Amino acid sequence: MLRVGLKLKERFVLGLSVVAVLFTLLLVIDIQMDYGYAGNYVVPSHGRVRYANREDGPEAAYNSFRKRFLQKTNSGSVNASKEAAQLEQKPSDALVKDKKRVKDNEISEEHDDFSDLVDYLLMEEKDRERYREELGRESHVLQKDNEGDLARSENPTIAELKNLDLEHANSTINSFIYEISQHELYTEDSKHVEKLLQQMALEPIQHVSQKSGGTQLKLIIQYPGQFQALFKPMRFPREQQTLPNHFYFTDYERHNAEIAAFHLDRLLGFRRAMPVIGRLINITKDIYEKAEGELLKTFFISPSDNVCFHGKCTYYCDTSHAICGNPDMLEGSFAAYLPPLEFMARKVWRHPWRRSYHKRKKAQWETEGNYCLLVKEIPPYDQGRRLYDLMDMAVFDFLMGNMDRHHYETFKIFGNDTFPIHLDHGRGFGKPFHDEISILAPILQCCMLRESTLQKLIRFHNGPIKLSEAMRQSMAKDPLTPILWEPHLVALDRRVEIILKGMRDCVQKGKDLNTIENT
């Protein structure tokens, strides 16, 4: 009896140990979903917050703005989508005329120059403070350049922090990396960006391998001199829109969206996205002959005699979703790689306004009006530049229509007082006739934005050069131009105006700005 009793006791202890291990594993996974993580270290990013109420609080503009503008901005989306389908079937000369017609329709309304926002920008600090107090607002809507903005007295580069000699950088990519600073990836007058773009577009491809992880196929392109680029292939024409029944987390990635995002990031003055350029490659010579291993097993010839491959990934990596050339020529985006982790470690943060990534559940920010107040209490959003960086990111994503912003990364060497890197924009520019107001939730719930960002948006809105034209000129240098379908460019100008209307709501909060100035 004693021996049998010991065996039962051992079984009980063993079972209890297994349960404890499984519980610990689930707890760690749950913690990582709510905490920033980098390498093997788990570091808090933004803590959990409790649900309070399901309606917008008195300081939140999100729901009210959606009710007032959502129907207006999207009222023509159904008809516009039908027009888009017709545009795709027309010859090039008719397409040019239709482009002009679409653009003329968008600007047919009387131009709003947002003079009230311009007047607010020109206000002295004491007048803004008085205005804030009269509205009973706890914080300012706009942030001055010397507080939480890009302009700082100190902006060290990687070379300075690591005591590296720029003159001895042995490649263009190393020179670019050495000059990454605390507040931007590259300077406005950087000489290395254009050189990187040229190298990725013209240098011979030496080796190809598939990037592990991710939901869709990406290839690592090896150039001479240990220079690498991330390749995203073309899957369908620029005119093909996101399928109406596709969720944002199951949508295809677009190579041209990555290219356009780089140009948009640079035009907005953020300079937080790595250089990206388009290139036309030969699948046989540039990929098949340079690849090896499991990737080679996924190549085949389609019934149309086109060379195809699909690789291995979570979604869309099978014969029915293969990437095919014409017959073996293929477009793709080439993005310069970030510095290696062993050289510049990065920290991954969960975005506070991350979506639920579930077909039925909603995220906390979608149900709680005072969500921003809770975010402001948690580091690093309780001080410094980080929350304003997320407002910039919301502007950036809204202009692209990118809903797939679940995490972001920063360079650990700069601490928390640094910019979030703008990465992974393949799911942008998918719906030119629909403006996803929920992307602006950070701005409308917090009612805050950098002065410099608002000034840029007003300049693009009032001209003389609209954002669409600035993008058209910037992308004209890319080998795959035109990069965007014309309705996407029209959408950029329309979305700039929507952001400005949202900021007007935040500034006025139901009061006439002119009456405040005259009191």
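For the reader, a short list of remarks on this structure follows.
- Listed by first and then second residue, the pairs linking a residue in region 224-248 that is touching a residue at least 24 places away in the same chain (Cβ under 8 Å) to a residue that is of a type in the set (Lys, Arg) and open to solvent by 30 Å² or more (accessible area, probe 1.4 Å), with Cβ atoms under 7 Å apart and 6 or more places separating them unless they lie on different chains, are Leu230/Lys211; Gln241/Lys431; Thr242/Lys431; Phe247/Lys359.
- Residue that is least open to solvent (accessible area, probe 1.4 Å), among those in region 401-416 that are at pLDDT 95 or above and of a type in the set (D, E, K, R): Glu409
- So Thr172, is it of a type in the set (Ser, Thr, Tyr), touching a residue at least 24 places away in the same chain (Cβ under 8 Å), over 18 Å from Leu423 (Cβ atoms) and open to solvent by 40 Å² or more (accessible area, probe 1.4 Å): no
- Within region 260-302, the only residue that satisfies the criterion of being polar (S, T, N, Q), outside any loop (DSSP other than H, G, I, E, B) and under 26 Å from Trp485 (Cβ atoms) is Asn282.
- Of the set (1) open to solvent by 30 Å² or more (accessible area, probe 1.4 Å); (2) aliphatic (A, V, I, L, M); (3) in contact with a strand residue (DSSP E or B) (Cβ under 9 Å, 6 or more places away or on another chain), all apply to Leu243 but (3).
- Within region 322-338, the set of residues being in a loop (DSSP other than H, G, I, E, B) and under 19 Å from the mean Cα position of the chain (by Cα) comprises Tyr337, Leu338.
Results for (1) among the aromatic types (Phe, Trp, Tyr); (2) within 23 Å of Leu492 (Cα to Cα), shown as yes or no for each residue.
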| site | (1), (2) |
| --- | --- |
| Gln206 | no, no |
| Tyr223 | yes, no |
| Gln228 | no, no |
| Thr242 | no, yes |
| His246 | no, yes |
| His263 | no, yes |
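- Cβ pairs under 7 Å, 6+ apart, first in region 478-500 and in contact (Cβ under 8 Å) with a residue 40 or more places away in the chain and basic (Lys, Arg), second in a helix (DSSP H, G or I) and open to solvent by less than 10 Å² (accessible area, probe 1.4 Å): Arg495/Phe398; Arg495/Leu399
- Subset of region 339-350 [open to solvent by less than 10 Å² (accessible area, probe 1.4 Å) and in a loop (DSSP other than H, G, I, E, B)]: Pro339, Met344
- Checking each residue in region 348-371 for being closer than 16 Å to Ile443 by Cα and of a type in the set (Lys, Arg) picks out Arg354, Arg355.
- Being closer than 26 Å to Thr215 by Cβ, touching a helix residue (DSSP H, G or I) at 6+ places or on another chain (Cβ under 8 Å) and either open to solvent by less than 40 Å² (accessible area, probe 1.4 Å) or in contact (Cβ under 8 Å) with a residue 60 or more places away in the chain (or both) is true of Phe398.
- Condition met for Ile458 (modelled with pLDDT of 95 or more and not basic (Lys, Arg)): yes
- Flag for Glu377 being over 16 Å from Ile283 (Cβ atoms), of a type in the set (Asp, Glu) and surrounded by 14 or more Cβ atoms within 10 Å (Cβ to Cβ): no
- Residues that are among the hydroxyl-bearing types (Ser, Thr, Tyr) and open to solvent by 60 Å² or more (accessible area, probe 1.4 Å) within region 463-497 comprise just one, Thr481.
- Within the span defined as region 192-209, one or more residues are of a type in the set (A, V, I, L, M) and out of contact with any strand residue (DSSP E or B) (no Cβ under 8 Å at 6 or more places or on another chain).
- Residue list for region 347-356, filter: within 15 Å of Ile439 (Cβ to Cβ) and of a type outside the set (Gly, Ala, Ser): His351, Pro352, Trp353, Arg354, Arg355
- Filtered residue count, region 313-334, keeping only those that are touching a helix residue (DSSP H, G or I) at 6+ places or on another chain (Cβ under 6 Å) and either surrounded by fewer than 17 Cβ atoms within 10 Å (Cβ to Cβ) or aliphatic (A, V, I, L, M) (or both): 1
- Some residue of region 417-432 being over 15 Å from the mean Cα position of the chain (by Cα), under 21 Å from Ala273 (Cα atoms) and open to solvent by 10 Å² or more (accessible area, probe 1.4 Å): yes
The values are calculated or read from the model by the stated rules, or taken from the named source; none is laboratory data. This one's a predicted model, so the numbers in the text were calculated from it and none came from an experiment. Positions of Cβ are generated from backbone atoms using ideal geometry, with glycine treated the same way; all protein chains shown enter the neighbour counts. Surface areas here come from the heavy atoms of the whole protein model, side chains and all, with no ligands, DNA or RNA. Shrake-Rupley method; radii C 1.70, N 1.55, O 1.52, S 1.80 Å.
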